[in-house]
Structure formats: structure tokens, C-alpha cells
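Take a look at the structure below.
Every read-out reported here was derived from the displayed coordinates using simple, explicitly stated rules and does not represent laboratory data. Everything numeric here is computed off the predicted structure, so don't read it as measured data. Cβ placement follows ideal geometry from the backbone for every residue including glycine, while neighbour counts extend to all protein chains displayed.
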Amino acid sequence: MAVHCPECGFVAGTAANFCPKCGAYLADVAGVNEPTTATYHLQDSGEIAAVDIGALQEQGVAALVVRAGGGREGESVPLQGDRITIGRRPESDMFLDDVTVSRDHALVVARGDGWHIDDLGSLNGTYVNRGRIDSALLHDGDEVQVGKFKLTFLGR
């Protein structure tokens, strides 16, 4: 059974979680309730460690998952603490090594009403659901674009 993208109408295969044409989230349309993308994070040693997104969400921990860009699909960053830095600076919490990403590109901050993403004056901008933002409250399933990287916000 094929799935029609709710955003652009493209016909995608049933195994697709995201539209191959526009990148819209398809799992809700396809009736899939569980994510099928394997997620991982890089340990300090450089080893890849699996991340159980379901367990993080049960603990009330949100995460950003790389959906496309830089060959890092599936990499995730749990949002623990009050703030997560995103940029091309190696010291960033989410280091995205590409010229389309500014050194200090964006900041994900926990505020009273949830997680917000703030653009830090980046050259190429930060986008949430394909709209350029200065600051935005993130909701479960939101697409965040930083340079050529497309991320998905998984809320609690």
C-alpha cells in the first residue's frame, strides 16, 4: 500500500517515515506508531552506541535526531540539561561539520513551556518546519534545519 504525503501529495513507499520529495513526516499517515529509524550517538571514544529513543521519552527526555545530511542519519542528541549548542565549533554539544553551518549556529534551550530553538545570527539561518525562525517553541515531530542538516525533534 502506498502512502500519499500530506504536504506535497507525493506517493511514497509504505516503509518510508519521511517523504522523499519534501521531507514531511509520514509515519502518522501510514499508521505507524513506532519509529523505525535506528538512532545512535558517538561516545567520547569515537565508538557508536545505540540509543533507545522510547526509553528516553519514557524518562521525559527529548532528543534531536539527524534525519538527513552529512552521512549522519540516525545520530541523536538527547536534550539533557538546560541548553544544547549546535554549530560547526568542535566544542558544540551537536557538532555539525559543514560549511553551511555557522560556528555558533543555534541554541536549544529549556524554558518554562518546553524546548525552544534560537538562531544565533547564523548566515544561512535556522528553520523549523521549513520556515526561517529567530526563536521557536519545538513540538514533537518538528523538522529543524541547520545548514544542510535536517533534524527531527522528538518531544516527551
Fill in the blank from the handout: So, with points 7 Å from each Cα along the Cβ direction, the R89-D113 label distance in nm works out to 2.8
Fill in the blank from the handout: A chain fully extended from K148 to E73 at 0.36 nm per residue, minus the present Cα-Cα distance, gains in nm 25.8 nm
Exercise for the section: Determine, for each peptide in 143-153, 124-134, 101-111, the mean count of other beta carbons within 10 angstrom over its residues, then list the peptides with the highest first. Expected result: 143-153, 101-111, 124-134
Practice task
Hey, could you get me the Stokes-Einstein D for segment 57-131, Kirkwood radius over alpha-carbon pairs, 25 °C and 0.890 mPa s, rounded to whole µm² s⁻¹?
Solution key: 188
